[in-house]
């Protein structure tokens, strides 16, 4: 015991002496010692990208007066600082700020993504942080100024959302084709359970603190079979063995999500054609356990907890026209559907959506959209919506 | 029964053989793919999701950061990113 104490004391004294000697020598030494891990000058590259959007909608339900609104807020701002720290490290952040300049309005900031990437090999990048997993082509890729139909498809946004975790991803050539992949482990979704039952069985994503010891595993594999990269097909999935709170009756409720997508473009001179589509499906399993609990058996009906959605769309643009006005116009049409579990308290009949959208591209990243949507649902009046959206990506 | 097993085994061996040949052959990058210019790769890949990007949008340092972002978003290959980045930094002058 005495020997151990003496040894520790000697170690501390030695370190202190070394530090003092180093400081003395640094003051007398005229040459500058290299800083460990210091990159060469100019290695750090930064771009502050982002977008500003404003949206106006007119909503009409058959049998009721129409309403006009600037959606949730008249102005949306997304900031995206991109920092290439060196040849191996890259930081990618997205912060959304929704502001209302009207009297009494405020601003709400939310972190969409904050990811650090590390280059392991040319075809393998390890990443960590808060990220939108690859789950089809819509979320995180075709959902901002890249959305050529203006409004969101009803069937999207029901599956995998922002997660906190780690993963690996990359792309590589395979003959004339290319292969993309992503694999990750994340906190996973959390099962919603509340005394009112209003949201029972729904899954909440974007959780920074996990509610149990298990993690979700997921990934995506995509193929671009043609040498000109005009067609991309992919399939993704996520499995979470436990979504309920640790120690709760519902801890062992698992969830499985899959998504499959298609993204195609080609110029049939002078017309550019795009075709896009996605299907996603989430099943929350062992759910009947939930309604058999002593707390809820008399309150909540049992239901098959499956959600699915899809959309399919196409656009045409006279990109080869010599008239600027024509070449900057793009016409799109899209159909889609959302299917919720009918017997859930938050369920509904299938919701169908038909969209027509005309876009004028001021620049490659500055669209002005005019969209018309029609929503139909069995047993409900038809709803129509006119949307004007201006977006400027910088 | 034995003949069924033989057929299944044969089919399995053939499938593995074809898959292996595809994988091994796929590892070699064809010359016409390897020789694609940065401009061609820019036109092909930068049209997949958004419209093709004007090279004059950003300066050199900004393109360094932007192409890294696109590498991760579109999961571009290393060769594609290098060639597209070099093209953009040449064409933005």
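The values are calculated or read from the model by the stated rules, or taken from the named source; none is laboratory data. Small disclaimer: the values here were computed from a predicted structure and weren't measured. Here the Cβ is made from the backbone with ideal geometry for all residues, glycine too, and neighbour counts use every protein chain on show.
Structural remarks
So that you can scan it fast, the table gives a plain yes or no per residue for (1) surrounded by fewer than 16 Cβ atoms within 10 Å (Cβ to Cβ); (2) at pLDDT below 95; (3) away from every other protein chain (no Cβ under 14 Å); (4) part of a strand (DSSP E or B):
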residue	(1), (2), (3), (4)
A:338	no, no, yes, yes
A:343	yes, yes, yes, no
A:353	no, no, yes, yes
A:357	no, no, yes, yes
A:370	yes, no, yes, yes
A:374	yes, no, yes, yes
A:391	no, yes, no, yes
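- Criterion applied to B:90, B:9 was being at pLDDT 90 or above, more than 7 Å from chain A (Cβ to nearest Cβ) and over 16 Å from residue A:49 (Cβ atoms), and the one residue passing it is B:90.
- Residue under evaluation residue A:114, criteria (1) touching a residue at least 40 places away in the same chain (Cβ under 8 Å); (2) surrounded by 15 or more Cβ atoms within 10 Å (Cβ to Cβ), criterion not met: (1)
Residues are listed down the side, and each one gets a yes or a no for (1) touching a strand residue (DSSP E or B) at 6+ places or on another chain (Cβ under 9 Å); (2) modelled with pLDDT of 95 or more:
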site: A:260; (1), (2): yes, yes
site: A:265; (1), (2): yes, yes
site: A:273; (1), (2): yes, yes
site: A:276; (1), (2): yes, yes
site: A:284; (1), (2): yes, no
site: A:288; (1), (2): no, no
site: A:291; (1), (2): no, no
site: A:298; (1), (2): no, no
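- Conditions (1) surrounded by fewer than 20 Cβ atoms within 10 Å (Cβ to Cβ); (2) away from chain B (no Cβ under 14 Å); (3) touching a strand residue (DSSP E or B) at 6+ places or on another chain (Cβ under 8 Å); (4) within 22 Å of residue A:275 (Cβ to Cβ); number of the one not met by residue A:155: (1)
- Residue in the range A:359-367 that is crowded, with 16+ Cβ neighbours inside 10 Å, in contact with a helix residue (DSSP H, G or I) (Cβ under 9 Å, 6 or more places away or on another chain) and outside any strand (DSSP E or B) present: yes
- Selection within the range A:208-229: residues that are surrounded by fewer than 17 Cβ atoms within 10 Å (Cβ to Cβ) and in contact with a strand residue (DSSP E or B) (Cβ under 6 Å, 6 or more places away or on another chain). The member of this set that is modelled with the lowest pLDDT is A:208.
- Some residue of the range A:186-200 being part of a strand (DSSP E or B), within 14 Å of another protein chain (Cβ to nearest Cβ) and either crowded, with 22+ Cβ neighbours inside 10 Å or out of contact with any strand residue (DSSP E or B) (no Cβ under 7 Å at 6 or more places or on another chain) (or both): no
- Of all residues in the range B:33-69 being more than 7 Å from every other protein chain (Cβ to nearest Cβ) and free of Cβ contacts under 8 Å to residues at least 12 places away in the same chain, the one that is surrounded by the most Cβ atoms within 10 Å (Cβ to Cβ): B:43
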